[in-house]
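Values quoted throughout were computed directly from the atomic coordinates according to the rules given, and no laboratory measurement underlies them. Fair warning: this is a prediction, and the values are worked out from it, not measured in the lab. Note that we place each Cβ from the backbone using ideal geometry, even for glycine, and neighbour counts take in every protein chain shown.
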Amino acid sequence: MTVTSLYPRLEPLLTQVAKPVQYIGGEVNSVSKPFADAEVRWVLMYPDTYEVGQPNQGLAILYELLNERDWLLAERSFSIWPDLAALMREAGVPQFTWENHLPVRDFDVLGVSFSTELGYTNLLEALDLAQIALHAADRGEDEPLVIAGGHAAFNPEPIADFIDAAVLGDGEEAALKVSAIVRQWKTEGRPGGRAGVLRRLAASRVAYVPSLYEVSYADNGELAAVTPIEATVPDTVAKHTLMELDEWPYPSRPIVPLAETVHERYSVEIFRGCTRGCRFCQAGMITRPVRERNIETIGRMVEGGIAATGLDEVGLLSLSSADHSEIGPITSQLAERYSDSFVSLSLPSTRVDAFNIDLADELSRNGRRSGLTFAPEGGSERLRKVINKQVSEDDLIATVAAAFGRGWRQVKLYFMCGLPTETDEDVLAIADMAFRVIETGRQAAGTRDIRCTISIGGFVPKAHTPFQWAAQADVETIDRRLRALKDKVRSDRRYGRFVTVRYHDGKPGQIEGLLSRGDRRLGPVIESVWRDGGKLDGWSEHFSYDRWEAAAERELAPHGIDLAWYTTRERRHREVLPWDHLDAGLDREWLWQDYEDAIAEADVPDCRWSGCYNCGVCPAQGTEIQIGPTGRSLLPLQVVSTH
Ligand code: SF4
């Protein structure tokens, strides 16, 4: 099969748009393989702009492991900014890949990784630009299979009309299994056409194929059932869980972007999964159990990654990096190894204790001592019990005092507003906490020049969490509470001007809430928003609440439901939820019990240290927690110099 590069037609357009460099590809470590030689060809797409999507870790992992196989090929694609999209439509240039500027439509599989539901309109925009039928049901034999992945794929029902399949959970083995099925089907002469390969994907339980399930609704608007339409199609589809992270040391050679991106560092995932049990956190719930990468693999990946990229920042990535059983030796030995180089280490650090200060101290040996960030999430002790964020205000203050005593001058605190059971007082308590931070900081540092930034986002209940049944707070409540908080901070004469309050208005969160717990009746809403010009909804300059509200009103009225029905309504325990047939491993009854515990302000410990409390994941998935310590080390020590 021969395909022709679109670049000669694209290049003249690039001179007329903003940031043309983001579209040209050709970056260090990008892979360009002969199209004709591959048996299965993927486009890996992140449905946002290059600057947001390129650093995505999941995309980097799949890109590398697919391209390592000689029978596979993977190229990338991202959302096109409206200036170029308009010119492309005018000139008839379709959505392209970054490596060889080939038409996305000519590939076998278009894999789209969703980190957020606000990327759904970007999927429609990309399909339309690619000249691929918007609706899976209308796609022809020569069009790619559109497969969703990422966290939002755990409830892909709102986009069921537009995707052919969804893969739940870890993508490494799953992408290879999908590839093998597509390869076999092609080798056999494509028996049964598109429907044939989709049936194989469904029957093998590798992917969820929405078109093979029928959804029925009760008179009150609730779902009645989601049922397979064929005997070979499973009732439920389970997530993929990769065990033995050490055998999958990806990415080892990530692409180094030419254009500016949201962050430029080499990231090593030091463990996957989290069992801290924060009840609002979908990532923690759906990625269980905890699987650690060992210190030797981490050391090898850091060494190889720096050599392959020339990047000078290494991020030790996970949902709560300080929880790795050997985080002390990892940070101190890496800091030692790179102490005489330009390489700096960073740790997404959200746990609030003195140990983290030791780590931060270790990591800032090379000179950088920017602000410290903690995420208490809830302003009051009571609310933190509700969300199972086991951090006391005294812990936080002790940690902050230690940090200010050792030279830090700034602390950033993350919170959420609109959490279940939240009152105005819970939110106003955020200000009191910030004032205490300043006061303690001044005493510990012996200076008045202490700053605290509080950053607040609206809480969005997500599928597969204990709060999947909870009512989302409405926009007015969130905005009113945040205004009151800002007023309280501003009017404080002693500390007010040393505290910065950052918050987003509640409207995008409301739409994220609509989509995250939505069902197939939202397909026409998403399509209507996109047809009305909606795209890049994650960008405040493009997001329009009015557009979403109008589309929801229009499309949902015939079903007797509305936006509030999806967002601010508490679900019944026994209500059929749109994602009940998609199995993240968590026992539904355990989730309900945890929801009741939340309302009762009862906390649940971490099973890594307190024993199993039967959330269901390990037996359901045939997996287990994999944690150290291994007692290994990076020694013999080699100090690396890049001077
Ligand atoms: S099944 Fe038990 S050990 Fe496994 S993640 Fe759940 S609580 Fe932890």
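Would you please give the residues with an amide H less than 5 Å from that of Asp583, counting only those at least 5 places away or on a separate chain, with H modeled from the backbone geometry?
Sorted by chain and number, the residues that satisfy this are Val237, Ala238, Lys239.
Using +1 on the beta carbon of Lys and Arg, -1 on that of Asp and Glu, and nothing else charged, what's the dipole of the range 7-238 about the Cα centre, debye to 20?
About 480 debye.
Counting only complete DSSP H runs, which helices of the chain cover 30 Å or more along their long axis at the Cα atoms and score a mean Kyte-Doolittle of -1.0 or above?
Helix filter hits for the chain: 424-445.
Of the beta bridges DSSP finds with both residues in the range 7-238, what % are antiparallel, to the nearest 5?
Bridges in the range 7-238 are about 30 percent antiparallel.
For Ile599, Ile24, which order do you get if you count the other beta carbons within 10 Å of each Cβ and list the fewest first?
Ordered from fewest to most neighbouring Cβ atoms within 10 Å, Ile599, Ile24 come out as Ile599, Ile24.
Would you be so kind as to identify which of Gly305, Ala218, Gln621 lies farthest towards the positive end of the dipole of the chain, taking Lys and Arg as +1 and Asp and Glu as -1 on Cβ and the Cα centre as origin?
Gly305
Could you work out the relative contact order of the chain? I mean the mean sequence separation of Cα pairs under 8 Å and 6+ apart, divided by the number of residues, in percent.
Relative contact order comes out at 15 percent.
Which lysines have a Cα less than 28 Å from the Cα of Lys33, not counting those fewer than 8 places away in the same chain?
Qualifying lysines at Cα under 28 Å: Lys19, Lys177, Lys186.
Could you put Ser318, Ser179, Ser540 in order, starting from the residue whose Cβ has the fewest other Cβ atoms within 10 Å?
Ser540, Ser179, Ser318
Using amide H atoms built 1.01 Å from N in the peptide plane, name the residues 5+ places from Val501, or on other chains, whose amide H lies under 5 Å from its own.
So Val501 has HN proximity to Ile454.
To make sure I understand, if each residue's beta carbon is the centre and we count other beta carbons within 10 Å, what order do Glu188, Glu555 fall in, fewest to most?
By the 10 Å Cβ count, ascending, the order reads Glu188, Glu555.
Apply the Karplus parameterisation 6.51 cos²θ - 1.76 cosθ + 1.60, with θ equal to phi minus 60°, to every residue of the range 242-249 and state each ³J(HN,Hα) to the nearest whole Hz, in sequence, with x for glycine and proline.
Values per residue, Gly and Pro as x: 7, 9, 6, 4, 5, 7, 10, x Hz.
Compute, for the range 195-290, the length of the dipole vector about the Cα centre, with Cβ point charges of +1 (Lys, Arg) and -1 (Asp, Glu) only. Units Debye, rounded to 20.
Computed about the Cα centre, the dipole is about 240 debye.
Considering only Ala203, Ala231, Pro191, whose Cα is most displaced toward the positive end of the charge dipole of the range 75-231, charges sitting on Cβ of Lys, Arg (+1) and Asp, Glu (-1)?
Pro191
Just to confirm my understanding: which cysteines in the chain have no other cysteine beta carbon less than 4.7 Å from their beta carbon?
Cys with no partner Cβ under 4.7 Å: Cys274, Cys417, Cys452, Cys607, Cys612, Cys615, Cys618.
Given the options Val489, Leu536, Ser516, identify the residue whose Cα lies farthest towards the positive end of the charge dipole of the range 463-603 (+1 on Cβ of Lys, Arg; -1 on Cβ of Asp, Glu).
The listed residue farthest towards the positive side: Val489.
Hand me the trypsin sites (Lys or Arg not before Pro) from the range 424-477 located in a DSSP loop with no more than 12 other Cβ atoms within 10 Å, in residue order please.
Arg448
Enumerate the amide H contacts of Leu145 below 5 Å, restricted to partners 5 or more residues apart or on another chain; note that Pro and chain-start residues carry no placed amide H.
Val109, Leu110
Suppose only helical runs count, i.e. DSSP H with n ≥ 4. What mean residue ellipticity at 222 nm does that imply for the chain under -39500 (n - 2.57) per run, divided by all residues and rounded to the nearest 500 deg cm²/dmol?
The helix contribution divided over the chain gives -10500 deg cm²/dmol.
What ³J(HN,Hα) values, in whole Hz, does the Karplus curve 6.51 cos²θ - 1.76 cosθ + 1.60 give for the range 204-221 when θ = phi - 60°, with x put for Gly and Pro?
7, 6, 6, 9, 8, 10, x, 5, 9, 10, 10, 10, 10, 10, 8, 4, 7, x
How big is the charge dipole of the chain about its Cα centre, in debye rounded to the nearest 20, if each Lys and Arg gets +1 on its Cβ and each Asp and Glu gets -1 on its Cβ?
Dipole about the Cα centre, nearest 20: 1260 debye.
Sort 544-551, 610-617 by the packing proxy (mean of other Cβ within 10 Å over each peptide's residues), most packed first.
So the order, starting with the most tightly packed, is 544-551, 610-617.
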